[in-house]
Amino acid sequence: MTDSAEAPLAPGAWQSATVIDVRPETANAKTLRLRLPRPSQHLAGQHYLVRLTAPDGYSASRSYSVASAPDGTDAIELTVERLEDGEVSSFLDDELAPGDELEVRGPIGGWFVWRGDAPAVLVGGGSGVVPLMAMLRLARRTGRSDLVRMVVSARSPDQLYYAHEIPGPETAVVYTREIPPSWPRPPGRLELKDLPHPLDPHATAYVCGSSGFAEAAAALLQEAGMAVEQIRIERFGPTR
Amino acid sequence: MAFTRGFKGRGGGPRDPRLPPGQYDVGAEWPILSAEVTPSLPLASWTFSVDGLVERPVTWTWDEMQALPGSTYDGDIHCVTSWSKLGTAFSGVSVDPLLAAAGPLPSASYVMAWSHTGYSTNLPLEDVADGKSWIAWEHEGQPLTAEHGGPARLLVPHLYFWKSAKWIARLELMDHDEPGFWEQNGYHDHGDPWLEQRFQGD
């Protein structure tokens, strides 16, 4: 991506997207591939709003991070974790099918974004890997994997999103509960030694996950020498 | 309005009239959203100030704030990410006596609320005056936790909740509007949930 591609900050109007693919990431998360009326202007890390409307006029909207890298096309991918009692996520994961129309609005967010031209440390927990995946994909697509170091925490191998795509020299995976056969690291929470080292003193850290994960990861990054001003956080609260 | 094939909604009776458009009731939960590292702010060195276009800038210590007449808000809060928390109580002090102590100059018409983290958010002065905002340090009778902005946050419940700056440090009175942190990042300068002023251009 060139640095002249300044995304508009105002997300504009609702638009009708077409679902072109739905595929499972894990037993409780799916990736939706959507075609927009126009090429997406998103930056890695931004999100879209998705709005569902029932025949009686009832509507519900939620935000979902874009998992796909900015690539100038009219297709984007959102990964949706199915939440217990989540009226939007359960519909998206259980009912939505290719060919369906979906109202979306975005891209949104000007803070938790990586423009592909500066060192970045990506630390994601669970579904928090989604916006970071857009950053990793952007780095790889533009041949700038050297700028990125990523650590992803997942409960178990079957809970890791993008499991076949994440592995690489710039990434590490930490399992907290269960590990694959012959995995060198015992299961356990993210620790200081799991962070990339040495940490680039000029890097920006992007931390995404539950609030508890985000606090813990931010504390580790500071322990590793990062200043609070270098750490950007996006939390996935229990919003449904 | 475009219907979504197969979406039936909750089908559970009439919508709560306290919910602004596009919002849902989060129930007993209170999601935590913030863009930065949660700061640790010792009460002994905590301060709050009103400055900018005032007759006399005033700074209060924690103990001085606690000594002011208390004030409680019991009502609803609305987050731009679409959850609302209904019927919830905050206690602290009304912003009105704090403004009065500093004496806004006639030219003061906007406020920048600054957090101890450097976070900022802009508001019209009239939206923080006349009983519409608080410096809050208790939620449901308990000290406000650091994750929710403790020891004290601004509370402006009639606007989207990003205006209720966590870890509030100061109110700077200005004679013009200027975008704060989220406002520079695409969010609305005013943020009225009943008008769905979520993003720039809404």
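The values are calculated or read from the model by the stated rules, or taken from the named source; none is laboratory data. Source: prediction; values computed, not measured. For neighbour counting, all protein chains shown are included, and Cβ atoms are generated from backbone atoms with ideal geometry for every residue, glycine included.
Residues that are in contact with a strand residue (DSSP E or B) (Cβ under 6 Å, 6 or more places away or on another chain) and crowded, with 20+ Cβ neighbours inside 10 Å within the stretch B:171-182 comprise B:Leu171, B:Glu172, B:Leu173, B:Gly180, B:Phe181, listed in sequence order.
Filtering A:Pro187, A:Pro119, A:Pro169, A:Pro180 for residues that are touching a Leu at 6+ places or on another chain (Cβ under 7 Å) and at pLDDT 95 or above leaves a single hit, A:Pro119. Residue check: is B:Asp96 in a strand (DSSP E or B), in contact (Cβ under 8 Å) with a residue 24 or more places away in the chain and not aliphatic (A, V, I, L, M)? Against the criterion (in a strand (DSSP E or B), in contact (Cβ under 8 Å) with a residue 24 or more places away in the chain and not aliphatic (A, V, I, L, M)), B:Asp96 does not qualify. Of all the listed residues (A:Val152, A:Val129), the sole one being within 21 Å of B:Ser34 (Cα to Cα), assigned by TED's automatic domain parsing to the domain that holds A:Met226 and without any contact (Cβ under 8 Å) to a residue 60 or more places away in the chain is A:Val152. Among the residues of the stretch B:131-165, just one is touching a helix residue (DSSP H, G or I) at 6+ places or on another chain (Cβ under 7 Å) and among the acidic types (Asp, Glu), namely B:Glu147.
Residues of the stretch A:49-83 being away from chain B (no Cβ under 12 Å), on the phi < 0 side of the Ramachandran plot and of a type outside the set (Val, Ile, Thr), which ones?
A:Ser65, A:Ala67, A:Ser68, A:Ala69, A:Pro70, A:Asp71, A:Asp74, A:Ala75, A:Glu77, A:Leu78, A:Glu81, A:Arg82
Scanning the stretch A:184-217 for residues that are within 14 Å of another protein chain (Cβ to nearest Cβ) and under 23 Å from A:Val66 (Cβ atoms) returns A:Thr204, A:Ala205, A:Tyr206, A:Val207, A:Cys208, A:Gly209, A:Ser210, A:Ser211, A:Phe213, A:Ala214, A:Ala217. Condition check for A:Ser89 on (1) surrounded by fewer than 16 Cβ atoms within 10 Å (Cβ to Cβ); (2) within 14 Å of chain B (Cβ to nearest Cβ); (3) hydroxyl-bearing (Ser, Thr, Tyr): one failure, at (1). Taken over the stretch B:161-186, the residue count meeting the criterion of being of a type outside the set (D, E, K, R) and in contact with a Lys or Arg (Cβ under 7 Å, 6 or more places away or on another chain) is 4.
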